[in-house]
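> Sharing a structure, written as structure tokens. Questions coming.
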Amino acid sequence: MNVNQSEASQPTLEQLDGWCEQALSAASSEARTSAESRLRYYFPTFSESAAELSGAFSSGSERVLEVFPTIKGPAEAAQLMTWFLHQSSKVLSQSYVVRRLRVLVLNHLGVLADEQKEALRASLLEA
């Protein structure tokens, strides 16, 4: 995904909810793919295969997975996902982000510091 000005800023809750709805229920496969690509940018799991990323990796080694600029790793991604989980009241959005968060935690729990694990646990128990 090529980042443009609108994607470099924090999306609104309504935008994220809309993309979740499209990703999970759009009739068109193109709409689902587009929404999923946007959501991967904001909610990366750092676990997708190259085929799933639809071009986020280039054939050369100079380009890596593109993510929202404030996300530096799994801890920041988990924070944004738990924020969204707390903010959204939409069932499809909650289902989508829980699935992404589960993949992130299962694959990267070992890289989180103990404090980050505790903060994530506390945040999820509040949800």
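The values are calculated or read from the model by the stated rules, or taken from the named source; none is laboratory data. Worth saying up front: this structure is predicted, and the values here are computed from it rather than measured. Heads up, the Cβs are rebuilt from the backbone with ideal geometry, glycines too, and the neighbour counts pull from every protein chain shown. Just the protein is used for accessible areas: all its heavy atoms, side chains included, with ligands, DNA and RNA removed. Shrake-Rupley method; radii C 1.70, N 1.55, O 1.52, S 1.80 Å.
> Restricting the search to the stretch 86-98, which residues are open to solvent by less than 30 Å² (accessible area, probe 1.4 Å) and among the aliphatic types (A, V, I, L, M)?
Answer for the stretch 86-98, where residues must be open to solvent by less than 30 Å² (accessible area, probe 1.4 Å) and among the aliphatic types (A, V, I, L, M): just Val97.
> Where residues in the stretch 13-49 are open to solvent by 60 Å² or more (accessible area, probe 1.4 Å) and part of a loop (DSSP other than H, G, I, E, B), which of them is modelled with the highest pLDDT?
The extreme case among them is Ala27.
> May I ask you to verify whether Ser61 is at pLDDT 95 or above, surrounded by fewer than 12 Cβ atoms within 10 Å (Cβ to Cβ) and not in a helix (DSSP H, G or I)?
no
> Which numbered condition in (1) at pLDDT below 95; (2) within 24 Å of Glu14 (Cα to Cα); (3) in a helix (DSSP H, G or I) is the only one that Pro69 fails?
(3)
> While we're on this one: Quickly run through the stretch 77-99 and pick out the residues that are farther than 17 Å from Leu125 by Cα and in a helix (DSSP H, G or I).
Ala77, Val91, Leu92, Ser93, Tyr96, listed by residue number.
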